[in-house]
Amino acid sequence: QVQLVESGGGLVQAGGSLRLACAASGRTFSDSFMGWFRQAPGKEREFVAAVRWSSFSSWYADSVKGRFTISRDNAKNTAYLQMNSLKPEDTAVYYCASGSGLYIEYLGSYQFWGQGTQVTVSS
């Protein structure tokens, strides 16, 4: 299995920024993509953002558009999530995942998951 290593979570004040990173130890594929999901207490895991390894194409949930930016470094097999203008509503455990297929926003398209990193935004 592909192993994913996350970093960058923490505690920030509202309006602040964090940058999450997710490194994949296994081989990447031309048709694969890296995504970010989050899960807040009492809520289901939801899609946040994703990017394909082979292009600059990216997708965002409506709740984070204009504030979050996903990027990738193919040489390092690493995806990043730059989170700006953070809100208390962004507080959640953030998971990175590696997937493939057609439906990049669908949880079921992802085969490998990281352990998650806590992001807490205080008001």
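Measuring nothing but how far apart in sequence close Cα pairs (under 8 Å, 6+ apart) lie, relative to its length, the chain scores a relative contact order of 35 percent. Summing charges over all other residues whose Cβ lies under 13 Å from the Cβ of ALA14, with Lys and Arg as +1 and Asp and Glu as -1, gives 0.
Summing Cβ point charges (Lys, Arg +1; Asp, Glu -1) relative to the Cα centre of the stretch 1-68 gives a dipole of roughly 100 debye. Compared with the direct C-alpha span, the chain from ARG19 to THR120 gains 35.1 nm at full extension, assuming 0.36 nm per residue. Of SER58, ALA23, TYR95, which is farthest on the positive side of the dipole of the chain, counting Cα position, with +1 on Lys and Arg Cβ, -1 on Asp and Glu Cβ, and the Cα centre as origin? Most positive-ward Cα: ALA23. Packing-based ranking of 97-104, 39-46, 78-85, 56-63 yields 78-85, 97-104, 56-63, 39-46, ordered from highest to lowest mean Cβ neighbour count within 10 Å. Our Cα-only numbers for the stretch 45-117 put the radius of gyration and Dmax at 12.1, 34 Å. A cut-off under 15 angstrom between Cβ atoms defines the neighbours of TYR94, and their net charge, with Lys, Arg +1 and Asp, Glu -1, is +1. When +1 charges are put on Lys and Arg Cβ atoms and -1 charges on Asp and Glu Cβ atoms, the dipole computed for the chain relative to its Cα centre reaches about 200 debye.
Extension gain for PHE56-SER85 works out to 8.2 nm (0.36 nm per residue, less the C-alpha to C-alpha distance).
Where a number appears in this text, it was derived from the coordinates with a stated rule and is not lab data. Just so it is clear, the model here is predicted, and its values are computed rather than measured. Reconstructed Cβ throughout: ideal geometry from the backbone, glycine too, with neighbour counts over all protein chains shown.
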